[in-house]
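Okay, structure first, notes after.
The values are calculated or read from the model by the stated rules, or taken from the named source; none is laboratory data. Fair warning: this is a prediction, and the values are worked out from it, not measured in the lab. As a convention, Cβ positions derive from the backbone with ideal geometry for all residues, glycine included, and neighbour counts pool all protein chains shown. Note: accessible area is taken over every heavy atom of the protein model, side chains too, but ligands, DNA and RNA are not part of it. Shrake-Rupley method; radii C 1.70, N 1.55, O 1.52, S 1.80 Å.
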Amino acid sequence: MNMKKFTALTLVCAMTIPMGAALVSAEDSAVAKIKEAGKVVMTTNAEFEPFEFKDGDEIVGIDKEIAEKIAEKLGVELEIMDIAFDSLIPSLNAGKADFIAAGMTATDERRKNVDFSDDYFDASQTIIVGVDSGITSREDLNGKLVGVQQGTTGDIYCTNEDGSGDITVKEVKRYPKAMDAVSDLLTGRVDAVVIDDFPAKKLVEKNPDKIKTLDEAMTEETYAIAVPLGSDLKDVINEVIKELNDSGEMDEIVSKYIS
Ligand code: GLN
């Protein structure tokens, strides 16, 4: 946009749009660009069953099904990019995707870099330990070696860089995939793993005689879909979330993956 046009647009807006109202010109509209491209690009980290995981070559899961509804609402194709969890926000802000659906917890820290949709799922950080580990509560993690998935809220909480948490672990071991953290738990290389509750349950189900989840959670949190700051796609996503909730479809999707 050239400067003259920008000034003219600013003037028009200043005259007609009340302060604080959303201001998205046709040129800046993410929705308009998506419709023109005929596709909407979602990024995720497909190592997070039941929200996103691979069935053969295909990415499936709760987030993928919600994303399909978003694409349907926009009348475009859905494209999915599978990348490392801690690359999701940088890659969104580099313009490589339109939204992130990755069981992502809406935190205040992340809100500095992205806008979040309305919440669509309540979750918690769960502690996984060996069945005979002697670790029975979150306090027992003090002084322990804890495995987490890099860049997740479990990582942030256990690392406790700002000192706001109440647990001081001995060391945090970071893995690109939660499954690798659990492998190290199974072989005794870490004392516990802290990850989201449903992925934790899915991983424990695969080794029920060796590991278990504790009833007491580390933290409570909620998942939301992330878009670039100021993106008008957020309104479309919120409409879809509301429609899925109102129609009962959200429950149907979730119950396909969580019994
Ligand atoms: N909910 C956690 C977070 O947002 C983990 C998400 C994930 O690993 N996909 O940090």
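How much length is gained on full extension from R111 to D28, taking 0.36 nm per residue of separation minus their Cα-Cα distance?
27.9 nm
With n ≥ 4 as the cut-off for DSSP H runs, can you work out [θ] at 222 nm for the chain, using -39500 (n - 2.57) per run divided by the number of residues, rounded to the nearest 500?
So the helix-based figure for the chain works out to -10500 deg cm²/dmol.
Go ahead and collect, in residue order, the members of region 203-242 whose backbone nitrogen is under 13 Å from a label point 7 Å along the Cα-Cβ direction of S137.
It comes to 215-217, nothing else.
Find how many whole Å separate the alpha carbon centroid of region 56-83 from the alpha carbon centroid of region 112-138.
The two parts, judged by their Cα centres, are 24 Å apart.
In the chain, if the dipole is taken from +1 on Lys/Arg beta carbons and -1 on Asp/Glu beta carbons about the Cα centre, which of A37, T213, P176 is farthest to the positive end?
A37
Exposed loop trypsin sites (Lys or Arg not before Pro) only (DSSP loop, at most 12 other Cβ atoms within 10 Å): please give the longest stretch of the chain free of them, not including the sites.
1-111
Heavy-atom accessible area per residue, region 65-143, 1.4 Å probe: how many Å²?
Spelled out: the 1.4 Å probe surface of region 65-143, per residue, equals 44 Å².
Per q in 0.09, 0.11, 0.14 Å⁻¹, report the Debye log10 I(q)/I(0) for the chain, using one uniform scatterer on each alpha carbon and no solvent.
-0.46, -0.65, -0.96
Nearest 0.05, what FRET efficiency do K96 and K54 give at R0 = 25 Å with Cβ-Cβ as r?
0.75
Membrane-span-like helices in the chain: DSSP H runs reaching 15 Å or more (Cα, own axis), mean Kyte hydropathy at least 1.0?
Span-like helices here: 3-16.
At 1.4 Å probe size, with the rest of the protein present, what percent of the exposed accessible area of the chain is carbon and sulfur atoms?
After summing per-atom areas, the C and S share lands at 50 percent.
With every protein chain kept in place and ligands, DNA and RNA left out, what is the accessible area per residue of region 183-230? Probe 1.4 Å, answer in Å².
Solvent-accessible surface per residue comes out at 46 Å².
Can you tell me what the convex hull of the Cα atoms of region 91-193 projects to on average, as an area in nm²?
7.6
Please label the shape of region 156-259 as rounded, prolate or oblate, based on the square roots a ≥ b ≥ c of the eigenvalues of the alpha-carbon gyration tensor (a/c under 1.5 means rounded; beyond that, a/b larger than b/c means prolate, else oblate).
The shape class here is oblate.
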